[in-house]
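Here the structure comes first, spelled out in structure tokens, and everything after it is commentary.
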Amino acid sequence: MAKDPMLKFVGVGQDYPAKRAADERNDDFQEIARAYAIEKAEEQSSRCSQCGVPYCSTHCPLHNHIPDWLRLTAEGRLREAYELSNATSTMPEICGRICPQDRLCEGNCVIEFSGHGAVTIGSVEKFITDTAWENGWVEPIRPLPDRGQSVGVIGAGPAGLTTAELMRARGYEVHVYDRHDRAGGLLTYGIPGFKLEKHVVMRRVDRLRDAGIIFHHEFEIGRDATLDELREKHDALLIATGVYKPRAIKAPGVGAPGVVDALDYLIASNRKGFGDTVPAFEDGTLDAAGKNVVVVGGGDTAMDCVRTAVRQGAASVKCLYRRDRANMPGSQREVNHAEEEGVEFVWLSAPEAFDGTDKVAGVRAAKMRLGQPDASGRRAPEPDPGSEFRLDADLVIKALGFDAEDLPKLFGTSDLSVTRWGTLRVDHKTMQTSLDGVFAAGDIVRGASLVVWAIRDGRDVAERMHAYLKAKAKAAAREKVAA
Ligand SMILES: Cc1cc2nc3c(=O)[nH]c(=O)nc-3n(C[C@H](O)[C@H](O)[C@H](O)COP(=O)(O)OP(=O)(O)OC[C@H]3O[C@@H](n4cnc5c(N)ncnc54)[C@H](O)[C@@H]3O)c2cc1C
Ligand code: SF4
């Protein structure tokens, strides 16, 4: 497979005459692109019929005021449009880039229902917030006076960062703990840079740091502190650790070198995007260049892996999925993109064994057929006897999704209650776990979900935590008076 030159990353921080000339051409290009973007945003926004039944807003987990900011954009009132979209979201430009809009706002646009194609809501949202950053309209966070109470947030993904921002703005001291060396969670190390540019995530993190939020990087709860130690230190805690236990494939040869986990592969690629040295990429283990790649799975993680492999210059990229196209969990839009980029989908197929002695050399697979619906209502795949086939492979990426890690064991807290899926059990009214003052949000409560839902949870939890801390402060004041 030839590497598409349009997919190449231009070097950062270089300075030489050819680069300067390219930069000047780039400036001209940027100006044209910008004029085109403004025109497109206004054109799309003016397509909104202001129907009065904003299904788009009700199907957006944040209930963004979509028709209102579309109207403002159509009228050229971009700053007001930005302020309105920012009122309900801590990361509008990120959601605009990576929400599966076809399943959320855009999929419920009445213009889509009438067969004329949805207003491209996500692109407009991205455009107005990017414009706000460029024009300095994104204000710093101005915390209220210090309340003398402190909050600990475990996990710097979208759920944790949203709560951190909203609690800091309310005047709390906020500490964020994360086992990675950079904040952002899956925004930073899961989702590839071609879908979500990393500087877009980092400028959000910088804004939080500038507001006085204290980040503790490479700090793993369970290794560097127990949950109880953090409870002693803070007046309230949030657990927003996401789900990271990869679902396994049970087949002979799965342990062979060259069979790798999706997240290891994506983290290595994202680290390269930051300019880090990544030994497992440098020695070829996690680099798809020149290889026949087989990705096993049919969700969005699998789509990110196949599209990353294309960009790394793989010789061929195949995606093996046990159901058919109509029954895959990943976004259809992502599948279309992957197909356009040359990925071959091998539907209704599952791996049975991995060939190779020192290193993986191929995948032996069987065709599947869809049987009766299972408990989830989806038709269960079952092997079609006698349909075995083989695919050459030098790199196999397992992308079957993620489950929750065993947090009670990891955190050394057996009284932290979990569901039968290992996700944290919370009281849905208070958003607290079984431990007083310990809240939870995002994927660790919902199971693998979406960024926009993590932001929504982070927003809701901040409200509940604020109420809890106000009550705690009042009780402490009463006790003091009584004493
Ligand atoms: C490859 C991939 C692609 C995706 N693409 C999309 C997409 O395009 N659109 C979309 O909407 N959603 C997408 N998702 C889903 C989305 O990323 C998640 O739903 C979202 O990030 C969940 O947010 P969170 O804050 O709950 O957790 P996370 O983003 O997972 O963040 C959790 C953080 O907790 C930290 N942590 C975990 N355990 C500990 C510990 N013991 N101590 C300290 N820190 C800890 C982790 O290092 C991490 O930084 C994707 C997911 C994956 C895996
Ligand atoms: S946050 Fe997501 S669902 Fe909501 S308007 Fe933006 S793109 Fe649509």
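Figures for the structure shown
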item: Packing-based order for 257-265, 465-473, using average beta carbon neighbours within 10 Å, highest first; result: 257-265, 465-473
item: Relative contact order for the chain, counting Cα pairs under 8 Å that sit 6 or more residues apart, in percent; result: 15 percent
item: Entries in K195/K233; K198/K367; K233/K429 that, when Cα-Cα distance is taken, lie over 32 Å; result: K195/K233; K198/K367
item: Sequence-distant lysines (8 or more away, or on other chains) whose Cα lies within less than 19 Å of K291; result: K3, K8, K272, K318, K359, K398
item: Mean Cβ neighbour count within 10 Å, used as a protection proxy, ranking 114-122, 29-37, 351-359 highest first; result: 114-122, 351-359, 29-37
item: For the chain, alpha-carbon Rg over 2.2 N^0.38 Å; result: 1.04
item: Phi-based couplings in Hz for the stretch 180-193 (Karplus 6.51, -1.76, 1.60; Gly and Pro marked x); result: 7, 8, 9, 7, x, x, 6, 5, 8, 10, x, 5, x, x
item: Counting DSSP beta bridges with both ends in the chain, the antiparallel % (nearest 5); result: 35 percent
item: Debye equation applied to the C-alpha atoms of the stretch 19-101, log10 I(q)/I(0) at 0.11, 0.15 Å⁻¹; result: -0.38, -0.64
item: Neighbourhood charge, 15 Å Cβ-Cβ cut-off, centred on D235 and excluding it, Lys, Arg +1 and Asp, Glu -1; result: +2
item: Helical segments meeting 27 Å axial Cα length and Kyte-Doolittle -0.5 threshold in the chain (DSSP H); result: 451-482
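Here, each number is a calculation from the coordinates, and none is a lab measurement. Not measured: the values here are computed from a predicted model. Quick reminder, even Gly has a Cβ in these numbers, built from the backbone with ideal geometry, and neighbours come from all protein chains shown.
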